[in-house]
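Student: Below are the structure tokens for one structure; questions will follow.
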Amino acid sequence: MTMKVQAVLFDMDGVIINSGADIALSVNAALEAFGYKTLPEDVLVSFVGDGAKKLLIRALEYQNADAANMKNFQEFFEWYVDWYRKNPVNKTVLYPGMYELLETLKEKSVYAAVVSNKPLSVAQTILMHFKIGGFFDAVIGPERLSKIKPDPEGLALAVSDIEKKRGVRLERSRIIMVGDSASDIQAGRAFGCITCAVTEGLGNRKKLLEEKADIVVPYAGDLKNSGLFSA
């Protein structure tokens with residue numbers, strides 16, 4: 001790939017941040033508060049990737065609770081989001097090389113955006129904590145979308161936000177979608193951009209690799225030395 005990359009779209013959990021422990025702590029806090037059993041961290045992390053509501057539904061289903069018949073599920077969901085927003089970085093860290101990659105993109109005038117299924121308020125709180133929010137021209141959460149990944153709607157919205165903010169026109173073939181789950185790669189492919197799989201994230205590695213992304217790296221930060229941004 002010798003063309004000039006114009007923009008990089010990042011998933012958040014498992015790509016920018018290693019957040020599995022804090023997600024598990026937050027889910028367990030919500031489960032306990034609403035009278036359910038807490039679950040092991042590795043089990044809860046395996047449920048990550050399709051949005052907070054799906055995460056909570058899977059946590060309930062794992063202990064044979066039917067979320068569909070839970071009259072206060074919305075309250076349960078909002079309690080989880082509020083608790084997580086107030087406790088987002090007890091154990092969460094940036095992945096290796098992530099900050100350096102963002103600096104490189106800025107230096108090379110490559111636009112960056114976040115396209116995450118994580119609640120937007122939580123995502124923004126975490127980006128502010130790590131002082132990296134300024135690197136991103138768009139941060140897309142599920143609240144602005146009718147369909148989350150693997151639908152490409154979030155990617156299209158991120159690109160639209162970048163174009164409006166920067167007064168530019170981006171070509172899909174010169175955009176990279178970076179993610180750690182199969183849904184990220186599926187969304188990128190449906191959008192028509194370059195896809196990059198991150199294998200050391202939180203997503204199911206087997207399903208991720210089955211998608212045969214255009215680029216495969218252990219960590220997103222490894223893209224810094226890939227030569228993609230030297231053109």
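The values are calculated or read from the model by the stated rules, or taken from the named source; none is laboratory data. Please read these numbers as outputs of a predicted model, since none were measured by experiment. Note that we place each Cβ from the backbone using ideal geometry, even for glycine, and neighbour counts take in every protein chain shown. Heads up: the accessible areas ignore ligands, DNA and RNA and are worked out on the full protein's heavy atoms, side chains in. Shrake-Rupley method; radii C 1.70, N 1.55, O 1.52, S 1.80 Å.
One line per residue, one yes/no per condition, for (1) assigned to a loop (DSSP other than H, G, I, E, B); (2) touching a residue at least 40 places away in the same chain (Cβ under 8 Å):
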{"position": "148", "(1), (2)": "yes, yes"}
{"position": "164", "(1), (2)": "no, no"}
{"position": "170", "(1), (2)": "yes, yes"}
{"position": "188", "(1), (2)": "no, yes"}
{"position": "196", "(1), (2)": "no, no"}
{"position": "221", "(1), (2)": "no, yes"}
{"position": "224", "(1), (2)": "no, yes"}
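Student: Residue check: is residue 214 within 18 Å of the chain's Cα centre (by Cα) and in contact (Cβ under 8 Å) with a residue 12 or more places away in the chain? Give the derivation first.
Tutor: Values: within 18 Å of the chain's Cα centre (by Cα): no; in contact (Cβ under 8 Å) with a residue 12 or more places away in the chain: yes.
Judged against the criteria, residue 214 is not a match.
Student: Need the failing condition index for residue 120 against (1) surrounded by fewer than 18 Cβ atoms within 10 Å (Cβ to Cβ); (2) of a type in the set (A, V, I, L, M, F, W, C); (3) farther than 20 Å from residue 80 by Cα, just the number.
Tutor: Result: residue 120 fails condition (3) only.
Student: Any residue at all in the stretch 19-32 that's open to solvent by 70 Å² or more (accessible area, probe 1.4 Å) and assigned to a strand (DSSP E or B)?
Tutor: No, every residue in the stretch 19-32 fails to be open to solvent by 70 Å² or more (accessible area, probe 1.4 Å) and assigned to a strand (DSSP E or B).
Student: Then there is this: So, in the stretch 58-82, of the ones that are surrounded by 18 or more Cβ atoms within 10 Å (Cβ to Cβ) and not aliphatic (A, V, I, L, M), which residue ends up nearest to residue 26 (Cα to Cα)? Full working, then the answer.
Tutor: Initially, the stretch 58-82 is screened for residues surrounded by 18 or more Cβ atoms within 10 Å (Cβ to Cβ), giving 58-60, 76-77, 80-81.
Now narrow it down to the ones that are not aliphatic (A, V, I, L, M): 58, 76-77, 80.
On the way: 58: 14, 76: 12, 77: 11, 80: 6 Å.
Looking at residues that are surrounded by 18 or more Cβ atoms within 10 Å (Cβ to Cβ) and not aliphatic (A, V, I, L, M), I get 80.
Student: Another question, then. Name the pairs: first residue in the stretch 92-109 and among the polar types (S, T, N, Q), second residue not in a helix (DSSP H, G or I), Cβ to Cβ under 7 Å, at least 6 apart or on different chains?
Tutor: 92/17; 92/18; 92/19; 104/229
Student: Checking residue 47 against (1) under 22 Å from residue 206 (Cβ atoms); (2) surrounded by fewer than 18 Cβ atoms within 10 Å (Cβ to Cβ): exactly one of these is not met. Which one?
Tutor: For residue 47, the exception is condition (2).
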